[in-house]
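S.K.: This structure is in structure tokens; I'll ask about it shortly.
Rule-based calculations on the coordinates, nothing more; no lab input. All of these numbers come straight from a predicted model, not from anything done at the bench. For neighbour counting, all protein chains shown are included, and Cβ atoms are generated from backbone atoms with ideal geometry for every residue, glycine included.
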Amino acid sequence: MDTVKAQQWLIGIFSTLLIVILIIVASVEMKKSASEKPYVEIDKKSAQCITCHEKQNIAVKQVEAWKESKHAVMGIGCTECHAAEEGDFDAFKCPQSDVLVASHPTPKDCAECHDQEVEEFENSKHAHQFWLFANADRSIFENPISARHGCEQCHQISNVWPDGSVGECDACHPKHSFSIEVARQPETCGECHIGPDHPHIEIYNESKHGNIFAARGKDWDMNYNTTNNEPIPIEAPVCVTCHMDGNETQPMTHDVSARLAFESQAPWSFRTVWDEENLGTWEEKRGRMEAICASCHSPNFYKIYLLTADLVNLQYNEMRRMFVYWTKKLTKDGKISQIKVGDKTYSNPVINGWDEKPEELMYYAWHHEGRRFRHGAMMMGADYTQWHGIWELQEDMVEMITWAAEHGDAEAQKWVDSNHPSKFAPYALYDIPGSAWGIPTRTNTTPFLYNNYPDYWERIYANVEEAYKNNLLSKDQWELWLERYENRDHYLGTKYKDNEAVKELFDMYQKRNAIDKKAFNEQAVKLDLPGKPFYKK
Amino acid sequence: MSVKNWLKERFPIDYAKFIEINENIFMKEPIPNHLKKWYYCTGATPLILLALQIVTGILLTFYFMPSPEMAYESVRHITQDVRLGFWVRGLHRWGSNLMIIALLLHMTRVFFTASYQKPREINWMIGVILFFLTLTFSFTGYALTYNQLSYWATTVGTNMFDAVPVIGHSILVFMRGGEEVTANTLTRFFTFHVGMLPPLIILFLAMHIIILRIHGVSEPEGYEKGYYSFYPHHFYKIIIITLFVLCVLSTLTIIYPPGLGTPADPTVTPTHIKPEWYFFPTYRFLKLVPLNIGIIVSGLFVVGMIFWPFIEPMLSKNKSTRTKIAWVVGAMVIILTVGLSVWETVVA
């Protein structure tokens, strides 16, 4: 072969080789750059577990989830969390490899790396076993097997493990992706915070926050980092935004109790004293929550909103006082009785009773209606404060007193016989002039109590002042309330009710209302069908 | 007054002379017959690609913002929101890749035809500088996307300078604008990429072309002597190559568009960090040998590459033996380059 030919061959072969191979290499790398999946380097031990799991088709999806986790990217493989020592409560010998494996990694294992998060969690009420302390034995009413997949499933979040750790991290961070995005979804909280006793997800969904999330949340990146004192990156909050995430002024926390000021799930609302040595007073906790509210709202709004919600909580206590009074009285009079064996009682007339109507009503008035009433007010769930809250609470009260009257209680009978409108407020009241939403003009002209008790606001003043004196309201809140009290004509809107513009508008709607009324009378009320009914009276 | 006369009044130059120079330098530039073969035209492709890089690069700077807060977001905006942004970005990214491949092809051709030999040694050296300038271009450009991969590639890339004796650390601090990869690094790389490297590459390119024109295109032995004019045959050949390169670029962009990755997070070090593929041979080599040896060998390789036209004559007095040794060296370098690249791609 002559030199020219050889040259041509060499250039031809190597050029082709370079073009083909390097374009393939570049394409492979370019494809990787577009891949959403992070690159994962699997260590030898993990590779052994994965190969076998895949071969035997055991929890293969968990392996896939792990591969997309931050753990995988950071090189945290199987044994880092599933390591076990002889004698560990969850140690078992993998039959295929003779390796000792921990079947239940606990918060103690997570704390190896996430010690701050685990410690914060341990100090939160998520980790508290309150349900085991007072009248624990629900099993007399709800049989034990039901508890397995019922209460125990949610309350696993406060499980005390044989290794002395508490909680269940993957209750929110699903195995094995441990995704922050999933943990942040309101539906994750809603796995437990749902249903008639604490419909938090439902309340959230009906709130403006939830509404914005429903409309726009699909476009939000929920994987954001919240530990750097940076602004909240999403347009409206999800549950964890207010209860856990950080912002410019607040650090991120796994202690969900750090920002809660009221124990509004308890039978009585009370200002929290939980872990005061670390978290401070209820006012400091409220301050933390307000610092989050301040990311989106002005103090003018959220301070009044929260004060009103606090007054709802206090109002609940006055209603609760009624239920406690009646169940205690009925128990004392022998009209209802406790469940017991010998001297040991299995029910409590002020916490739970299982078989008599007043006990059941008292229980619902706290555990279901009472919480909905309070939590709806705290989290913008108007329907839960109203129809699923106060309406049902009042129904419970009417039913309880009526039951007492039917069972021979003279005081109850007197209440039943009364025709006075004030009978539905047999307890002390709280109130605040106006709301956080704006100034109404006619809304406050109708209430019976406003119109028939000239000392209405003086009575309310006395109650709110008493709450303040008992540290149930802060000084700041009391001053806020006072400002409204002193300018109540403005905040109640009564000052504006006869303005020309208001009158004109109101008259116009009254006329329209008259037209409506006439129409429904003609179309429905006065309609008399000629075909007679089949039942003869 | 015609436009031509209007212009003549404003630019009173000797038009006949101008046309004559233009004819001599461009239109009737004598092109040796062997350039009718396609694979002898590889010198034009990097030039075409450079022009494309300048156009697409300018378009990208309309939207790109070189700050840690905005870099990733602006690249995302270009890719997802701006009309045809993904295409322009893809052309630019693929253009950089193809430019390196095109340069390798050009160097392969020059090497095996021994066109670096006297009196063209300087032009080979300038060519090698142009190659390294292109790599620097790519390295600084990749860092600007500020995703997790590029951030950590920048970190390890600049880290390599630390191993250079004596001045290494100073270079690292200069490149990064501090000890760490920060906002300073991003603004510096942006300045290098759009402010310093373009005039540098144009300067060296001008020298490369001027020297080429002074000496004329080297004529390999074994071809029938003879020339043809630059216009129209060679001119249209370059147009065809340009269109072909555009098609290839566009196709690659559509099939494998560059991704966004995840935003750079200096607090999270991935276990697996990789530079761009054109550094794979060096990267894989550095993994195979102790770092100091790796740096020294790589340094020697670069020096050897630059001074090759002077090294080659020293290899043997016999011209035929010299050629054979050169071919073996060239073949080994290419096989090593390809082999190490594939290795690094496959294991990761």
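S.K.: Please list, in chain and number order, the residues 5+ apart from A:A83 or on another chain whose amide H is under 5 Å from its amide H, with Hs placed from the backbone.
M.R.: A:A102
S.K.: Still on this model: Taking the beta-carbon count within 10 Å as an exposure proxy, list A:D109, A:D115, A:D343, A:D43 from fewest neighbours to most.
M.R.: Ascending number of Cβ neighbours within 10 Å: A:D343, A:D115, A:D43, A:D109.
S.K.: Still on this structure: Would you mind calculating the relative contact order of region A:337-485 from Cα pairs under 8 angstrom and at least 6 residues apart, reporting the percent as a whole number?
M.R.: Numbers: 118 pairs, mean separation 17.7, N = 149.
The normalised contact order for region A:337-485 reaches 12 percent.
S.K.: Next question. Taking 30 Å as R0, compute the FRET efficiency from the Cβ-Cβ separation of A:L482 and A:N278 and round it to 0.05.
M.R.: The computed FRET efficiency comes out at 0.35.
S.K.: Work out the charge dipole of chain B with +1 on the Cβ of Lys and Arg and -1 on the Cβ of Asp and Glu about the Cα centre, then indicate which of B:W38, B:W152, B:T337 is farthest towards its positive end.
M.R.: Highest projection toward the positive end goes to B:W38.
S.K.: While we're looking at this one, here's another question. If you project the alpha carbons of chain B onto their three principal axes, what span does each projection cover, largest first, in Å?
M.R.: Result, largest extent first: 67, 66, 39 Å.
S.K.: Still on this structure, please answer the following. For region A:59-133 and region B:142-214, write down the distance between their C-alpha centroids in whole Å.
M.R.: Taking the Cα centre of each part, region A:59-133 and region B:142-214 sit 44 Å apart.
S.K.: Moving on to the next point. State to the nearest 20 debye the size of the charge dipole of the protein assembly as shown about its Cα centre, where the only charges are +1 on K and R beta carbons and -1 on D and E beta carbons.
M.R.: 4700
S.K.: Report the residue, chosen from B:N147, B:N184, B:N22, that carries the largest GNM mean-square fluctuation when chain B is represented by alpha-carbon nodes joined by springs under 10 Å.
M.R.: Judging by the Gaussian network model, the answer is B:N22.
S.K.: Could you pull the Rg and Dmax for chain A, using just the Cα atoms, both in Å?
M.R.: Cα only, chain A: 31.8, 126 Å (Rg, Dmax).
S.K.: Next question, about the same structure. Calculate, in nm to one decimal, what A:Q413 and A:Q510 gain on full extension: separation in residues at 0.36 nm each, minus their alpha carbon distance.
M.R.: 30.9 nm
S.K.: Can you give the average number of partner chain beta-carbon atoms within 10 Å of each beta-carbon in peptide B:250-257, as a whole number?
M.R.: Partner Cβ neighbours, averaged per residue: 3.
S.K.: In addition: What's the average, rounded to a whole number, of partner chain beta-carbon atoms within 10 Å of each residue's beta-carbon in A:5-12?
M.R.: Mean partner-chain Cβ count within 10 Å for A:5-12: 6.
S.K.: Please turn the phi angles of region A:254-259 into ³J(HN,Hα) values with the Karplus equation 6.51 cos²θ - 1.76 cosθ + 1.60 (θ = phi - 60°), one per residue in order, whole Hz, x for glycine and proline.
M.R.: 9, 9, 5, 8, 5, 10
S.K.: Another question, then. Karplus couplings for region B:32-37 from phi (6.51 cos²θ - 1.76 cosθ + 1.60, θ = phi - 60°), rounded to Hz, Gly and Pro as x?
M.R.: So the Karplus estimates, Gly and Pro as x, are x, 4, 5, 6, 5, 6 Hz.
S.K.: Hey, another quick one. Tell me, what is the FRET efficiency for B:T269 and B:V248 to the nearest 0.05, using R0 = 51 angstrom and their Cβ-Cβ distance as r?
M.R.: For R0 = 51 Å, the calculated efficiency reads 0.90.
S.K.: Given a cut-off of under 8 Å on Cα pairs at least six residues apart, what relative contact order in percent is computed for chain A?
M.R.: Averaging sequence separation for qualifying contacts and normalising by length gives 9 percent for chain A.
S.K.: Evaluated at 25 °C with a viscosity of 0.890 mPa s, what Stokes-Einstein diffusion coefficient in µm²/s does region A:253-311 have when Rh comes from the Kirkwood expression over alpha-carbon pairs?
M.R.: Approximately 204 µm²/s, per Stokes-Einstein.
S.K.: So, one more: Just want to confirm a number: the relative contact order over region A:257-427, from Cα pairs under 8 angstrom separated by 6+ residues, in percent.
M.R.: 17
S.K.: Still on this structure: Give me the angle, in degrees from 0 to 90, between the Cα long axis of helix A:456-469 and the longest principal axis of the Cα atoms of chain A, rounded to the nearest 10.
M.R.: That works out to roughly 50 degrees.
S.K.: Under the classification rounded if a/c is under 1.5, otherwise prolate if a/b is larger than b/c and oblate if not, where does region A:371-459 fall, given a ≥ b ≥ c as square roots of the Cα gyration tensor eigenvalues?
M.R.: Verdict is oblate for region A:371-459.
S.K.: Using the Karplus curve 6.51 cos²θ - 1.76 cosθ + 1.60 with θ = phi - 60°, what ³J(HN,Hα) values do you get for each residue of region A:528-535, in whole Hz, with x for Gly and Pro?
M.R.: Coupling constants for region A:528-535: 10, 7, x, x, 6, x, 8, 8 Hz.
S.K.: If you don't mind, another one. To test your reading of the geometry: what angle, between 0 and 90 degrees and rounded to tens, separates the Cα axis of helix A:500-520 from the longest principal axis of chain A?
M.R.: Here the helix axis deviates by roughly 90 degrees.
S.K.: Here's a follow-up. Report the charge-dipole magnitude of region A:160-225 in Debye, nearest 20, computed about the Cα centre from +1 at each Lys and Arg Cβ and -1 at each Asp and Glu Cβ.
M.R.: The dipole of region A:160-225 has a size of about 260 debye.
S.K.: Something else about it: Within region B:1-107, report the chymotrypsin sites (Phe, Trp or Tyr not before Pro) that DSSP leaves as loop and that have at most 12 other Cβ atoms within 10 Å. Don't skip to the answer; put the middle values down first.
M.R.: Details: sites: B:W6, B:Y15, B:F18, B:F26, B:W38, B:Y39, B:Y40, B:F62, B:Y63, B:F64, B:Y72, B:F86, B:W87, B:W94; in loops: B:F62, B:Y63, B:F64.
Of the chymotrypsin sites (Phe, Trp or Tyr not before Pro), the ones in loops of region B:1-107 whose Cβ has at most 12 other Cβ atoms within 10 Å are B:F62.
S.K.: Toward the positive end of the charge dipole of region A:43-104, about the Cα centre and with charges on Cβ (Lys, Arg +1; Asp, Glu -1), which of A:H53, A:H104, A:I76 goes farthest?
M.R.: Toward the positive end, the furthest listed residue is A:H53.
S.K.: Separate question: Enter the mean number of other protein chain beta carbons within 10 Å of the beta carbon of each residue in B:104-116, as an integer.
M.R.: Mean inter-chain Cβ contacts per residue within 10 Å come to 4.
S.K.: So what is the 222 nm mean residue ellipticity for chain A from helices alone, if each DSSP H run of at least 4 adds -39500 (n - 2.57) and you divide by all residues, rounding to the nearest 500 deg cm²/dmol?
M.R.: Computed ellipticity for chain A at 222 nm equals -15000 deg cm²/dmol.
S.K.: Using only the alpha-carbon atoms of region A:257-427 as identical scatterers, what base-10 log of I(q)/I(0) does the Debye formula give at q = 0.12, 0.17 Å⁻¹?
M.R.: -0.64, -1.03
S.K.: Fewest first, what order do B:K317, A:K45 take by the number of other Cβ atoms within 10 Å? Before the final figure, lay out each step's value.
M.R.: Values: B:K317 8, A:K45 14.
Neighbour counts put them in this order, fewest first: B:K317, A:K45.
S.K.: Based on DSSP H runs of at least 4 residues, each adding -39500 (n - 2.57), what is the mean residue ellipticity at 222 nm of chain B after dividing by all its residues, to the nearest 500 deg cm²/dmol?
M.R.: Working: 15 runs with 228 residues, N = 348.
Computed ellipticity for chain B at 222 nm equals -21500 deg cm²/dmol.
S.K.: Take B:H169, A:H155 and order them by how many other Cβ atoms sit within 10 Å, fewest up front.
M.R.: Working: B:H169 14, A:H155 17.
Fewest to most other Cβ atoms nearby, the residues stand as B:H169, A:H155.
S.K.: Let me ask something additional. Compute, for region A:43-104, the length of the dipole vector about the Cα centre, with Cβ point charges of +1 (Lys, Arg) and -1 (Asp, Glu) only. Units Debye, rounded to 20.
M.R.: That gives a dipole near 300 debye.
S.K.: Now for a separate question. What are the principal axis extents of the Cα atoms in region A:43-104, in Å, biggest first?
M.R.: Dimensions of region A:43-104 along the principal axes of its Cα atoms: 32, 24, 19 Å.
S.K.: If you fit an axis through the alpha-carbon atoms of helix A:3-34 and take the longest principal axis of the Cα set of chain A, what angle between them do you get, 0 to 90°, nearest 10?
M.R.: With both axes taken from Cα atoms, the answer is about 20 degrees.
S.K.: Now for a different question. Tell me the Kirkwood radius of region A:378-537: reciprocal of the mean inverse pair distance over distinct alpha-carbon atoms, in Å. Intermediate values should be presented prior to the final figure.
M.R.: Numbers: mean 1/r = 0.0494 Å⁻¹.
Every distinct Cα pair counted, the radius reaches 20.3 Å.
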